Amino acid sequence: MLQFLLRRTFGAVVILVLLSAFTFFVFFGAGDPAAMSCGKNCTADNIALIHQNLGLDKPLTTQFWDFIVGIFAGRDYSIGHCSAPCFGYSFATKQDVWSTMMDRLPTTASLAIGGALVFLTVGLGTGLIAAYKRGSFLDKALTSISMVLSSAQIYILGPIALGLFVYSGIMESPKYVDFTSDPAGWFMGLLLPWLVMSTIFTAQYTRMS
């Protein structure tokens, strides 16, 4: 039992280290972060200053260690302090990564959870109806529609849904409203994105059911 726990713990530590390394090196995947954040009319002195302010002038091993320590204890930059958990500094938004993630988490969670509930409910429901009416016109219609929708793409369905429901005045334009301040507005603002996101998965669940 102890060996099993030790193996699991060691495996978890290795995975965390690999994920941390991957996240760290993503910052350098598209080129020099300092040059990207500096803009087009940037001088060599400006890039050097950004390197110093963000600690990019240090060896990669030192930067990676500072990144790991920052996750648990926070990190100090020349431009300010990044409180724990500090996952680095966004060169695009000029904010720490954790704050940027937390700002977008409510919207992302609302889209993901709401979309999942819609496609599970509708997909299983239509699948059960098709199975109950097996061989009927309704079964063939639902199966045919699900086959077509399962091959569709979000970037195609999105503009179509906007044209059919928003531009025609049937539904409001999609937007995010804080749930605690306006639950009804939150629901109506996300309804169309939920439907579009869940369409493909609903079709797949209908076929599997």
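The values are calculated or read from the model by the stated rules, or taken from the named source; none is laboratory data. Note that this is a predicted model, so its numbers are computed, not measured. Heads up, the Cβs are rebuilt from the backbone with ideal geometry, glycines too, and the neighbour counts pull from every protein chain shown.
If you check G88, G70, which single one turns out to be outside the structural domain of F187 (by TED's automatic domain parsing) and on the phi > 0 side of the Ramachandran plot?
Only one candidate passes the filter, namely G88.
Looking only at segment 180-189, which residues are part of a helix (DSSP H, G or I) and surrounded by fewer than 15 Cβ atoms within 10 Å (Cβ to Cβ)?
Hits for segment 180-189 are P183, A184, F187.
This table checks each residue for (1) of a type in the set (K, R); (2) touching a strand residue (DSSP E or B) at 6+ places or on another chain (Cβ under 9 Å); (3) more than 20 Å from G39 (Cβ to Cβ); (4) surrounded by 16 or more Cβ atoms within 10 Å (Cβ to Cβ).
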position: H51; (1), (2), (3), (4): no, no, no, yes
position: K58; (1), (2), (3), (4): yes, no, yes, no
position: T61; (1), (2), (3), (4): no, no, yes, no
position: D66; (1), (2), (3), (4): no, yes, yes, yes
position: S83; (1), (2), (3), (4): no, yes, yes, no
position: Y89; (1), (2), (3), (4): no, yes, no, yes
position: K94; (1), (2), (3), (4): yes, no, no, no
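Surrounded by 12 or more Cβ atoms within 10 Å (Cβ to Cβ), among the basic types (K, R) and either in the same structural domain as L19 (by TED's automatic domain parsing) or under 22 Å from the mean Cα position of the chain (by Cα) (or both) - does that describe any residue in segment 124-143?
For segment 124-143, residues surrounded by 12 or more Cβ atoms within 10 Å (Cβ to Cβ), among the basic types (K, R) and either in the same structural domain as L19 (by TED's automatic domain parsing) or under 22 Å from the mean Cα position of the chain (by Cα) (or both): absent.
Conditions (1) in a helix (DSSP H, G or I); (2) over 27 Å from D103 (Cα atoms); (3) modelled with pLDDT of 85 or more, marked per residue:
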| site | (1), (2), (3) |
| --- | --- |
| A116 | yes, no, yes |
| L124 | yes, yes, no |
| I129 | yes, yes, no |
| I145 | yes, yes, no |
| P159 | yes, no, yes |
| F165 | yes, yes, yes |
| M171 | no, no, yes |
| D178 | no, no, yes |
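Which helices (runs of 4 or more DSSP H) does segment 1-110 wholly contain that include 2 or more residues that are modelled with pLDDT of 80 or more and more than 19 Å from the chain's Cα centre (by Cα)?
Fully inside segment 1-110 and qualifying: 2-26, 44-53, 60-73.
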